[in-house]
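The values are calculated or read from the model by the stated rules, or taken from the named source; none is laboratory data. Not measured: the values here are computed from a predicted model. Here the Cβ positions follow ideal geometry from the backbone for every residue, glycine too, while neighbour counts run over all protein chains shown. Just so you know, the surface numbers come from the protein's heavy atoms only, side chains and all, with ligands and any DNA or RNA stripped out. Shrake-Rupley method; radii C 1.70, N 1.55, O 1.52, S 1.80 Å.
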Amino acid sequence: MLTDEEETSLINYVKYMAERGFPLTRRMLKAFVISIIEIAGRTTLFNMDKGPSDKWVNKLLNRHPELSEKLPEQQDKARRRMSNVTVVDQYFKLLVDTVDSLGLTNKPNQIFNCDESGFSGKEKSKEKVLTLKGSHSYQQKVLVHGHITVHMCIAADGHVLPSFLIFDGCLPHRSFKDGVPDNWLYGSSESGYMDTELFENWFDKVFIPFCGTRRPVLLIFDNHDSHISINLIEKAKANNIHIIGLPPHTTHLLQPLDVAIFGPLKEKSEPIISYLGKPEQVCHHRQSQVSALLSTAIDQTITLAWVKESFRKSGMYPVDRSIIPNSQLAPADFNKSEKTNKETTDVDTTTITSNGKLFISFDLAPGINNSLSLLWQHYLYVKEIEMSINEPTENPLVTKNLIPRSLADVLLPPANPSLAKKTSSKIITEARVITGDEMLQKLQSKRDEAVKLAEEKKKEKQKELKKGRS
């Protein structure tokens, strides 16, 4: 059915797409086989409308045991774009250099990770319940209303700092500190989420007092704006605390709290909250009760050994790049342009073939039948392609010798993230040192610009008022 070269090319294509977060389904594989046969101009015994049989596909997979069929895990574009070899390598280089320069290689008690996670009462229970046969089972929300955020900080030696609970709107009217460690911190915001003022408050009242007296200290957290301010950086520098911001959209791989702490904590908190509920409350709990319930969940979930394991699993301590297998990452070239000297142009839903022809991906391209085109338009949404008016873009699979030029118009690559619409240069794309002088200068410049702009608007408003009076 396929020549050896065609089969090798198809398998190379399957691997190439899977590595970049666009794995092919069995149905799509059959459609590509049809297109390869069509473009070769050969006849075949199988039905050209339905494609090869499942038996043929099974034999193909048996000849290539490195491939297997499985249900894919969903991953958003931003997470897939940033979770690539280049970004992760840059982060670990920065981490190694920082840990070495601070002399913290064998001082896990001076390396910390902090982040927050939300509890809304809508967490799905994984525990079975008793109900009547043949009936649907419903479970009422655990919390009466609102959103609650728990901010946690852990150290590489396994110890846990006091938690910080953030309520939406205001603090509960009733006593909410009963059954909770005295050193826990509480706050509120309109949404129930962390903001800059709350984070600075936590840094002052929890982190600095409880991180220990030994210096220097390294604190690692995500690059979210709510965690970064001039006041925070100045206080950190004054206390010999160094801060690294993780690459955006990579905390599921690189942050201990996300890798191994928050998941088990949420799984544990739901049954604990339900179990501790009083029957007359129908398992509903006021916000004033949540502190004690979360404290119980933390005590039963987070152990010294498990915290250490979370640092190991994320490669944060001991610092170990090899902990993050490349199979979980997009290739290094996935976030780069094949030819950096080309001009990037906005061309919605288009594909440029190796022959220099421009095709709309929702239309039929040469050598691709209706079945493949319909599948492809739902599967691969090509936003923009790097192009030059005088010179077409080469199919990267051809330049990498993964497929022959004859199949360049059939086995098309996914859209390169670097070729999407130009984004603001202010968007963070890598790990960075938050407490560096450069970051402080940027924030100060940003503040000065904001003050200047506010003064200009105020003057303009005063001029308008004077004109109106005259």
Which whole-Hz ³J(HN,Hα) couplings does the stretch 197-206 yield from phi under the Karplus relation 6.51 cos²θ - 1.76 cosθ + 1.60, θ = phi - 60°, glycine and proline marked x? 5, 5, 5, 4, 5, 4, 4, 6, 9, 10
Can you give the percent of C-alpha pairs in the stretch 18-87 whose distance is more than 13 Å? 73
Counting sequence-distant residues (5 or more places) and residues on other chains, those with an amide H built under 5 Å from that of ILE243 are LEU219, ILE434, THR435
Kindly report the accessible area of the stretch 176-254 per residue (heavy atoms of protein chains, probe 1.4 Å, no ligands, DNA or RNA), in Å². 43
Provide the net charge surrounding SER188, with neighbours chosen by a C-beta distance below 12 Å and charges set as Lys +1, Arg +1, Asp -1, Glu -1. -4
Which whole-Hz couplings ³J(HN,Hα) result when phi for each residue of the stretch 13-26 is put into the Karplus expression 6.51 cos²θ - 1.76 cosθ + 1.60, θ = phi - 60°, listed in order with x for Gly and Pro? 5, 4, 5, 4, 5, 5, 5, 9, x, 10, x, 7, 8, 4
Under 5 Å between amide hydrogens, which residues at least 5 positions from LEU171 or on another chain qualify, with H placed 1.01 Å from N in the peptide plane? none
Part-to-part distance (alpha-carbon centres) for the stretch 1-54 and the stretch 166-210, which is given in Å: 57
Taking amide H positions as placed 1.01 Å from N in the peptide plane, with prolines and chain starts having none, which residues 5 or more places from HIS147, or on another chain, fall under 5 Å of its amide H? ASP168
